[in-house]
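As structure tokens, the structure follows; a few thoughts come after it.
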Amino acid sequence: MEKVNSKIIKTARKYAEALFDVAINNDATDSVLNDIILLSDTINESNELNAFLNNPVIEVSDKKSVLQEIFGEKICEYSMNFLLIIADNARFDAIEGIRYEYGNLLNSYKNIVEVKAVSAVEMKDFLKEKLKNKLENLLSKKTEIQYEINPDIIGGLVLELNGKTIDCSIQTQLKNIKKQLM
């Protein structure tokens with residue numbers, strides 16, 4: 001998630017928690033996640049829609065009509081009601097944060113941790129499976145791993161999870177040796 005100010009993060013968290021409560025109570029957590037992703041992507045990718053929704057001169061009722069026309073058949077009723085509340089409160093600036101926070105709540109609920117694994121070359125399938133099993137045993141959680149390739153790390157692995165980085169790359173090891181020698 002790109003950097004946003006702390007006020008928007010707090011607001012996004014409150015909205016995400018409310019949406020998540022509704023989704024849990026209606027056994028719709030996954031469908032609401034898909035809806036919030038669709039909403040966020042659509043609003044962020046359309047400059048015209050974004051400008052329209054954030055224009056203070058346009059009546060809220062007009063914004064709601066447009067939102068219902070665009071998303072009415074594409075998202076569930078809980079997501080639509082939520083979107084209309086966002087319109088009532090003019091909080092389209094928090095939609096990306098809401099998406100991020102909702103995803104965190106859902107992952108926590110499902111006991112899932114998201115991991116980014118960066119390697120210098122494509123990892124073989126058996127190594128990916130070994131890494132997944134090791135992480136799941138260490139963390140006692142299911143893992144969803146996103147793999148990336150960055151030849152600059154030379155070798156080894158860089159893991160990012162729960163806001164922390166575990167850097168076991170050769171690049172970092174060489175930098176550390178260089179510091180010690182100087």
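222 nm [θ] for the chain, helices only, -39500 (n - 2.57) per DSSP H run of 4+, per residue, to 500?
Taking each H run of at least 4 residues, the total per residue is -19500 deg cm²/dmol.
In 5 Å bins starting at zero, report the fraction of Cα pairs in the chain per bin as a rounded %.
Result returned by the calculation: 1, 7, 13, 15, 14, 12, 11, 9, 7, 5, 3, 1, 0, 0.
In the structure displayed, which of LYS141/LYS164; LYS10/LYS164; LYS116/LYS142; LYS116/LYS164; LYS110/LYS142; LYS10/LYS142 lie more than 18 Å apart, Cα to Cα?
In this structure, LYS10/LYS164; LYS10/LYS142 lie more than 18 Å apart at Cα.
Give the residues of the stretch 61-81 whose amide nitrogen is closer than 11 Å to a point set 7 Å from the Cα of THR42 in the direction of its Cβ.
66-76, 80
Would you grab the residues whose amide H sits under 5 Å from the one on GLY156? Only those 5+ places off in sequence or on another chain, please, with H modelled 1.01 Å from N.
Hits under the 5 Å cutoff: ALA120, ILE170.
For the stretch 49-161, calculate the relative contact order in percent as a whole number, restricting contacts to Cα pairs under 8 Å that are 6 or more residues apart.
Once divided by the residue count of the stretch 49-161, the mean separation gives 26 percent.
If we count every other residue with Cβ under 11 angstrom of ASN55's Cβ, Lys/Arg +1 and Asp/Glu -1, where does the sum land?
-2
For the stretch 30-104, what Kirkwood radius comes out of the mean inverse Cα-Cα distance, in Å?
Final number for the Kirkwood radius of the stretch 30-104 is 12.3 Å.
Out of the stretch 19-82, which GluC sites (Glu not before Pro) are coil in DSSP terms and have no more than 16 other C-beta atoms within 10 Å?
GLU59, GLU73
Quick one: length gained pulling GLU17 to TYR109 fully straight, 0.36 nm per residue minus the C-alpha distance?
Computed gain between GLU17 and TYR109 is 31.9 nm.
Would you work out the charge dipole size for the chain about its Cα centre, treating the Cβ of every Lys and Arg as +1 and the Cβ of every Asp and Glu as -1, and quote it to the nearest 20 debye?
Roughly 1200 debye, rounded to the nearest 20.
Report the extension gain between VAL121 and LYS142 in nm, rounded to one decimal, defined as 0.36 nm multiplied by the number of residues separating them, less their alpha carbon distance.
5.1 nm
Have a look at ASN162, ASN176, ILE95 and report the one farthest towards the positive end of the charge dipole of the stretch 94-182, computed about the Cα centre with Cβ charges (Lys/Arg +1, Asp/Glu -1).
Comparing the listed Cα positions along the dipole, ASN176 ranks first.
According to a simple spin-label model (label point 7 Å from Cα along Cα-to-Cβ), what is the distance in nm between ILE9 and THR172?
Inter-label distance under the simple model: 2.2 nm.
Can you run phi through the Karplus equation (6.51, -1.76, 1.60; θ = phi - 60°) for the stretch 112-124 and list ³J(HN,Hα) in whole Hz, with x for Gly and Pro?
10, 10, 8, 10, 10, 10, 10, 10, 6, 9, 4, 6, 5
The numbers here are math on the coordinates, done by the rules we state, and not lab data. Since this is a predicted model, take the numbers as computed values, not measurements. As a convention, Cβ positions derive from the backbone with ideal geometry for all residues, glycine included, and neighbour counts pool all protein chains shown.
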